[in-house]
Amino acid sequence: MKKIYNLKSYNFHLPPELIAQKPASPPDTCRLLVLDRKTKKITDDKFLNLTDHLQKGDALVFNNSKVIPARLIGRKTTSGKVEILLLRQLKPNTWECMVGNLPIKKQVNTELKFSKNLSGQIISRAKDTAQIKFNLSAQNLMQQIFATGQMPTPPYIKRMAKKNEYQTFFADPKKLGSVAAPTAGLHFTPRMFKKLKQKGVQIEFITLHVGLGTFSPIKSD
């Protein structure tokens, strides 16, 4: 098969009304497209029936990283609105972030207020990111992030996602670190895990924190 690397080859029209704005309920009732590699037959099925297409002894590997509600909406001391996206924890009280609604040259030393209990200061900046030192650290900081933050969703999702909608049910509380959901796991449910185990399918876990790159478009061939 000839490999196609020209990005223009992947352009297609997708009507906005066909982009789901909320997940299926329950999640495992979404649609599943199955391609039989031997016969080339395509089957339109339901995700809950995934076990029908697997064999005893197969293995599925799941990412158990837990998503942080990394989108924080706050205000400057001058009352101007500002939005940040947490990217990576550098110290117990300091995060690398993306900062919006604020001119780059005015970022350093800017005081930000996110809630009654959560505030921070921009202490340095790089080309695309800034470092923010918060008034809390470690567990206390994380508690306030979960209380105040919103789930960062792709730009084509126009509604605010509920925190439980953007978290896999098997996410490990000890594996905090993703700023976006490992979306391939969102359709799995406890009853699906039960069916997989009954079928003899092996379930394994890895931890791979999802970063901002998941939202970034491919810009070069």
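Quick note: the coordinates plus some simple rules give every number you see, no bench work behind them. Bear in mind that the values here come from a model prediction, so they are computed numbers and not experimental data. Heads up, the Cβs are rebuilt from the backbone with ideal geometry, glycines too, and the neighbour counts pull from every protein chain shown.
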Round to the nearest 10 and give me the degree value, 0 to 90, for the angle of helix 138-148's Cα axis relative to the longest principal axis of the chain.
-> 80
For Leu32, the residues 5 or more places away or on another chain with a placed amide H closer than 5 Å to its own amide H are Asp45, Lys46, Phe47
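Determine one quarter of the surface area of the Cα convex hull of the chain, which equals its mean projected area, and express it in nm² to one decimal.
Computed as one quarter of the Cα hull surface, the answer is 15.6 nm².
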Under the Karplus relation with 6.51, -1.76 and 1.60 and θ = phi - 60°, whole-Hz ³J(HN,Hα) for the stretch 179-196, x at Gly and Pro, equal 9, 8, 6, x, 4, 4, x, 5, 8, 7, 10, x, 5, 5, 4, 4, 5, 4
Taking the Cα centre of the stretch 70-148 as the origin, how large is its charge dipole in debye, to the nearest 20, when only Lys and Arg (+1) and Asp and Glu (-1) carry charge on their Cβ atoms?
-> 180
Neighbourhood net charge (10 Å Cβ-Cβ; Lys/Arg +1, Asp/Glu -1) for Thr77 = +2
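Which value results when the Cα radius of gyration for the stretch 70-148 is divided by 2.2 N^0.38 Å? The partial results should precede the final answer.
On the way: Rg = 11.2 Å, N = 79, 2.2 N^0.38 = 11.6 Å.
Dividing the Cα Rg of the stretch 70-148 by 2.2 N^0.38 Å gives 0.97.
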Taking every C-alpha to C-alpha distance in the stretch 7-130 and binning by 10 Å from 0, the per-bin percentages run 9, 25, 19, 21, 18, 8, 0
If you place +1 on the Cβ of every Lys and Arg, -1 on the Cβ of every Asp and Glu, and leave all else neutral, what size is the dipole of the chain about its Cα centre, to the nearest 20 Debye?
-> 220
